[in-house]
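Computed from the coordinates by the stated procedures, all read-outs in this text should not be read as laboratory data. This is a predicted model, so every value here is computed, not measured. Neighbour counts are summed over all protein chains in view; Cβ atoms, including those assigned to glycine, are modelled from backbone coordinates with ideal geometry.
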Amino acid sequence: MSDIKQKVSIILSVNNSLLRDGIARIISAKGYKVVASASVLDADVLSQLKPDENTLLVLGGSVEPDSKFKRRRFSLWLSFA
């Protein structure tokens, strides 16, 4: 596994469970680690993050981050409808 794949944490928040699970499987098969996968962004998801890791937040559908997420700095956001 390459060094970059070990340093990136991925959080998936997609309303559709079938789509969310499919995306998680594809990302995991490529060697990246999905640290949280949920239909709702909440404190449980935040607790999975490590301060020394870069984080990719993938938002799907009508998922909107709450104020706690907006205050946190993410390395990259990816949002799709």
Distance in nm between pseudo-label sites at ARG25 and ASP3 (7 Å out along the Cβ direction from Cα): 3.3 nm
Computed label-point distance, nm, for sites LEU46 and ASN15 using a 7 Å Cα→Cβ extension: 2.4 nm
Region 1-64: trypsin sites (Lys or Arg not before Pro) in DSSP coil with no more than 11 other Cβ atoms inside 10 Å: LYS30
